[in-house]
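Reading through the structure tokens given below for one structure.
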Amino acid sequence: MIKILMIEDDLELAEILTEYLEQFEFEVVTEDDPFKAVSILKLEPFDLVILDLTLPGMDGLTFLKKIKQEFP
């Protein structure tokens, strides 16, 4: 099963996308806080990250740079 981490602060959109992806047997973990998402990535392996570019506290591009540094 493919495991996806979705980082999205619009909870309604995240729910719609999660329901859609689960129809195809993807496992989706949703997080709305980019700082918590970094911690989740340190604890669990994911096959794919779906990333919102406009997040509270840390925009998506900064998040991407951060995880590229921590997971070379």
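The values are calculated or read from the model by the stated rules, or taken from the named source; none is laboratory data. Keep in mind that this is a model prediction, so the values were computed, not measured. As a convention, Cβ positions derive from the backbone with ideal geometry for all residues, glycine included, and neighbour counts pool all protein chains shown. In case anyone asks, the SASA skips ligands and DNA or RNA and just uses the protein heavy atoms, side chains included. Shrake-Rupley method; radii C 1.70, N 1.55, O 1.52, S 1.80 Å.
Figures for the structure shown
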| item | result |
| --- | --- |
| Heavy-atom accessible area per residue - the chain, 1.4 Å, Å² | 68 Å² |
| Whole-number D in µm²/s for region 1-43 (Stokes-Einstein; Kirkwood sum over Cα pairs; 20 °C, 1.002 mPa s) | 201 µm²/s |
| Degrees separating the helix 34-43 axis from the principal Cα axis of the chain, which is the longest one | 80 degrees |
| Ratio of Rg to Rh over the chain (Cα coordinates, Kirkwood Rh, two decimals) | 0.95 |
| Percent carbon-and-sulfur accessible area, the chain, ignoring ligands, DNA and RNA, probe 1.4 Å | 57 percent |
| Within the chain: Cβ-based charge dipole about Cα centre, in debye rounded to nearest 20 (Lys, Arg +1; Asp, Glu -1) | 580 debye |
| Farthest toward positive dipole pole in the chain [+1 Lys/Arg, -1 Asp/Glu at C-beta], among G60, V29, I7 | G60 |
| Positive-end residue, the chain charge dipole about Cα centroid, Cβ charges, pick of F71, I40, I50 | F71 |
| Stretchable slack from E12 to L48, in nm (0.36 nm times residue separation minus alpha-carbon distance) | 10.9 nm |
| Distant-in-sequence amide H partners of T30 (H built 1.01 Å from N, under 5 Å) | M6 |
| Amide N proximity, region 34-54 versus L64 label position 7 Å along Cα-to-Cβ, cut-off under 13 Å | 49-54 |
